[in-house]
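Visitor: Before I ask anything, let me first share the structure, which is written out below as structure tokens.
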Ligand SMILES: [Zn+2]
């Protein structure tokens, strides 16, 4: 098996050193390493991070292969520095049985440029009426640990309680899409000043916060693990901060777009900005950044949501919700967190690899760059600015809000178990 000698990168932004990758592992770390027969990669000036782990990816297979496949989505993941992704369950058919999650898991093994961890649905058909086969999905080859009806909220309190209780038996976690359905019927954008001006139906912050409050209380009551998907409001951050202070087993994620974009962009009526939960205010963005910086929010998760052109290139009210995220996530985090001094590179490693791997119980990922660790890592050039063009994206879809935007840095290489999936910024 090929050996790689990475010459001079800075692990998690620390002092430059060399890393020798052999037999799928990090064999040695130290200054001035040499290894006969190893391919030498000049990594001076690059940041080395453990391979990124995404808790929230929509790969669209099976069912919407016109928008994305396991292969195209994990290509996008690799280009973004990810070595493991969680594939959300809102496929067609829904990933609510051992059969479907095993199918997705197998596709990942056969075609994946990153490890694919299927997420199982909480309720059958995402219908919110009865629990799916949680135990069977946990025990099958896909070994599901994260369960979510993402796209829909598990709004029934009793069902949510039962799901939280059930997954304790196999160390699972319920990842809640917090959206009170009655408070968001017909909602089109964040409820606030801008929705009033534009005349679009508002999506109030309280619709998210009410579910988060309820579910934190439920998780504490039954002593189970709760994860909150794509937190988007300042009030949500405050609720999670309180839950953590009480010692409850609650974790949360935020998307790069909720850390950067605001509801003022909706004034363009460009559906590229239509996303669930909606873009919020500048005050919310500031609170989300602070929450990620102080660790109240555990993880960055992309909510990569590819959509075919016909579902996105239409009037605002008819357009599908969601935007691409995998290929730009690390660059956005550099821009909004690192370059602004809110998070150092060790913090980025923690929020984009270590903690998401722990939340998802993903073996072999999110480990420190030390001898013996599986060689899952990314080399990132924080000074390699690039401009986003849709033609260059690996995703099958084109719905990025960043077309034409200049990013501050770029992934140079990604290694999955010692083999490059990306080298010199291109798929290997
Ligand atoms: Zn969601």
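Visitor: Go from 0 up to the bin containing the longest alpha carbon distance in the range 154-243, width 10 Å each, and give me the % of pairs per bin.
Guide: Per 10 Å bin, starting at 0, the Cα pair percentages come out as 17, 44, 27, 10, 2.
Visitor: Take residue 242 and residue 106, extend 7 Å from each Cα along the Cα→Cβ direction, and tell me the distance between the two endpoints in nm.
Guide: 4.8
Visitor: What's the angle, to the nearest 10 degrees (0 to 90), between helix 157-167's Cα axis and the longest principal axis of the chain?
Guide: Compared with the principal axis, the helix lies near 30 degrees.
Visitor: What are the semi-axes of the equivalent ellipsoid for the range 267-329, taken as the square roots of 5 times the Cα gyration tensor eigenvalues, largest first, in whole Å? Let's see the in-between values first.
Guide: Values: eigenvalues 134, 43, 12 Å².
After scaling each eigenvalue by five and taking roots: 26, 15, 8 Å.
Visitor: So if the hydrodynamic radius of the chain is defined as the Kirkwood radius over C-alpha pairs, what does Stokes-Einstein give as its diffusion coefficient at 20 °C and 1.002 mPa s, in µm² per second?
Guide: On the way: Rh = 21.4 Å.
Translational D for this selection: 100 µm²/s.
Visitor: Any idea how far the Cα center of the range 52-95 sits from the one of the range 1-17, in Å?
Guide: 29
Visitor: Using every pair of alpha-carbon atoms in the range 3-55, split the distances into 5 Å bins beginning at 0 and state the percent of pairs per bin, rounded to integers.
Guide: 5, 22, 30, 24, 12, 5, 1, 0
Visitor: Nearest 10 degrees is fine. How inclined is helix 98-111 to the longest principal axis of the chain, computing both from alpha carbons?
Guide: Helix 98-111 and the main axis of the chain meet at about 30 degrees.
Visitor: To test your reading of the geometry: what angle, between 0 and 90 degrees and rounded to tens, separates the Cα axis of helix 234-245 from the longest principal axis of the chain?
Guide: That helix lies at roughly 70 degrees to the long axis.
Visitor: Suppose we look only past 20 Å in the calculated P(r) of the range 308-365. What percent of the Cα-Cα pairs does that tail hold?
Guide: Percent of Cα pairs beyond 20 Å in the range 308-365: 50.
Visitor: Express in whole angstrom the spacing between the alpha-carbon centres of the range 350-423 and the range 99-116.
Guide: 19
No lab work stands behind these numbers, since they all come straight from the coordinates. Computed from a predicted structure; not experimentally measured. Note: ideal-geometry Cβ built from the backbone for every residue, glycine included; neighbour counts use all protein chains shown.
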